[in-house]
1. Inspect all residues belonging to region 190-198 and state whether any of them is at pLDDT 95 or above, closer than 23 Å to GLU338 by Cβ and not in a loop (DSSP other than H, G, I, E, B).
2. Would you check which residues across region 344-372 are more than 21 Å from ALA441 (Cα to Cα) and either surrounded by 18 or more Cβ atoms within 10 Å (Cβ to Cβ) or outside the structural domain of ASN438 (by TED's automatic domain parsing) (or both) and list them?
3. Quick check on this structure: which one of PHE69, PHE105 is closer than 30 Å to LEU313 by Cα and aromatic (Phe, Trp, Tyr)?
4. Looking at ARG47, ARG86, can you tell me which residue is touching a strand residue (DSSP E or B) at 6+ places or on another chain (Cβ under 9 Å), within 21 Å of ASN263 (Cα to Cα) and in the same structural domain as SER27 (by TED's automatic domain parsing)?
5. What is the residue count in region 49-60 for residues that are surrounded by fewer than 18 Cβ atoms within 10 Å (Cβ to Cβ) and within 26 Å of GLY170 (Cα to Cα)?
6. For region 204-221, check the following and say yes or no: at least one residue is under 14 Å from the mean Cα position of the chain (by Cα), touching a residue at least 24 places away in the same chain (Cβ under 8 Å) and either surrounded by fewer than 21 Cβ atoms within 10 Å (Cβ to Cβ) or in a helix (DSSP H, G or I) (or both).
7. Go through region 413-423 residue by residue and tally those that are surrounded by fewer than 16 Cβ atoms within 10 Å (Cβ to Cβ) and part of a loop (DSSP other than H, G, I, E, B).
Amino acid sequence: MTLAETVNNTNSTNPFLNLNYERALESLGDEYYDEVGAAEFSQHILRWRNDAILPRLGLDPQLVKDEDFICAFGKFEGRKPLLALRYHGYQFGEYNPFLGDGRGFLYGQVRGTDGELYDLGTKGSGKTPYSRGGDGMLTLKGGVREVIAAEMLHHLGVRTSRCLTMIETGLSLWRGDEPSPTRSSVIVRMNRSHIRFGTFERLHYLRRPDLTQKLLDHVIEQYYRHLIGEKDKYALFYADLVKRTAELVAQWMAAGFCHAVLNTDNMSITGESFDYGPYAFIPSYDPYFTAAYFDYYGRYSYTHQPSICKWNLEILQEALKAVIKQADMQTGLARFDEHYQNEYRSMMLKKLGFEQLSHLEADELLNLTIQFLQDSKVGYHEFFYEMARTFSLKWRDEPGLIMADSDIVPASGTSEIFDSWCILYHKILNNFDPEQTNIIAQTLARYNPKTVILRPVIESIWEPIAQEDNWQPFYELIKRIQSGS
């Protein structure tokens, strides 16, 4: 059998190559992308396969071999064309017209078992016309960090992309922010769309309202299908995007997550979180915690995330006004704060054990919670986990018993804020029947896992990989994240 025959035979049995790929974005024409080729790598070591999301592609994990991942996403056999998407963006408030997929491409689009269209997109797969002098590669540590971030956020209830696979590629890379030379990887992320705010901003920059409307119609047809046929579908689209974006940033805030680089080229037109670089989870409630070392003025600090996302939506109006009346967009944007508060209240209440409270009770409880966390500097995630760990029916008896078995909170009578919080929590608990406390306990456990990926945790699993090529701590961490423990 010849080499070509061997490759073709492999392709015919590879489930990834036999998926029913759709040419949804490709069908719009090459004004939106460039066809590219993938880099050839000296090595292909499968480091991560996300069996949890294979069923959404209609695949049985037991029937998918490791070699199938490597052939499809490491060697890129049997898939053409590969598309580097074109976009611009506002980076730290300044417009940059020299962007685009610089180290990745759209591998393919496939309809999930839920009927939704999903993108499979690479990161670290080589140079494109938009690499701007870079090598088009992703460090292995960067790949590890993105896998962990996506899984953690997903299991905290954040609408996020997820990594399908990570393959080590055998190259040595030089980076200013990592000890170098460092190892390289390719990841494949699965999400609803790689169309960004910056995709539309590029079309406005080029003065192509025709392409803007064509792309907007595509976005509505694929991702806002409930608006098809509506008379005011464009205005309704923008209002829905505002809602989705406000809800997303509220989910980040409740999860204690700082994205770090909220440029408009990192904002998805579907209101989904993706592309994780120098992110971090806050150790304690510090509003001005900043994740990126190069964010010198704290533009993308934790507390600024809602206002920045709102600003990104506002600046997007300039690109969309060729199709959508600006007055309509302003009306949609005016509800951002309302959408944000509703989602933030809902997510934070779940962390406190409640599916629903009156707005008055909820806001009073949240204000006291945040005030205590900020003043005490108790660990943000640790506080909620300790609530889940120590929760007891006895908390209904008297406020002083709330979290009495935890070492991280002040003793009764030593903190006026914490005492007020306990009194209110005790009062709210007694509004529920005793048998309902089981539901409260379950809600606390669901939204407050013990495992949280603070920076020291990531370093503790990276060090064995870097020093001994020991991946066991990484796999154990992912297992804990996915199990919610």
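The values are calculated or read from the model by the stated rules, or taken from the named source; none is laboratory data. Quick caveat: nothing in here was measured; it's all calculated off a predicted structure. Cβ atoms come from the backbone with ideal geometry, glycine included; neighbour counts cover every protein chain shown.
1. Filtering region 190-198 down to residues at pLDDT 95 or above leaves 190-198.
From what's left, closer than 23 Å to GLU338 by Cβ: 197.
Checking the rest, the ones that are also not in a loop (DSSP other than H, G, I, E, B) come to 197.
Yes, region 190-198 contains a residue that is at pLDDT 95 or above, closer than 23 Å to GLU338 by Cβ and not in a loop (DSSP other than H, G, I, E, B).
2. PHE372
3. Values: PHE69 fails: closer than 30 Å to LEU313 by Cα.
Selected residue: PHE105, the only one of PHE69, PHE105 that is closer than 30 Å to LEU313 by Cα and aromatic (Phe, Trp, Tyr).
4. On the way: ARG47 fails: within 21 Å of ASN263 (Cα to Cα).
So the residue among ARG47, ARG86 that is touching a strand residue (DSSP E or B) at 6+ places or on another chain (Cβ under 9 Å), within 21 Å of ASN263 (Cα to Cα) and in the same structural domain as SER27 (by TED's automatic domain parsing) is ARG86.
5. 1
6. Within region 204-221, the subset under 14 Å from the mean Cα position of the chain (by Cα) is none.
No.
7. Result for region 413-423: 2.
Residue by residue, here is whether (1) out of contact with any helix residue (DSSP H, G or I) (no Cβ under 8 Å at 6 or more places or on another chain); (2) over 19 Å from LEU153 (Cβ atoms) holds:
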residue	(1), (2)
PRO449	no, no
LEU454	no, no
ILE458	no, no
ILE465	no, yes
ASP469	yes, yes
LYS479	yes, no
SER483	yes, no
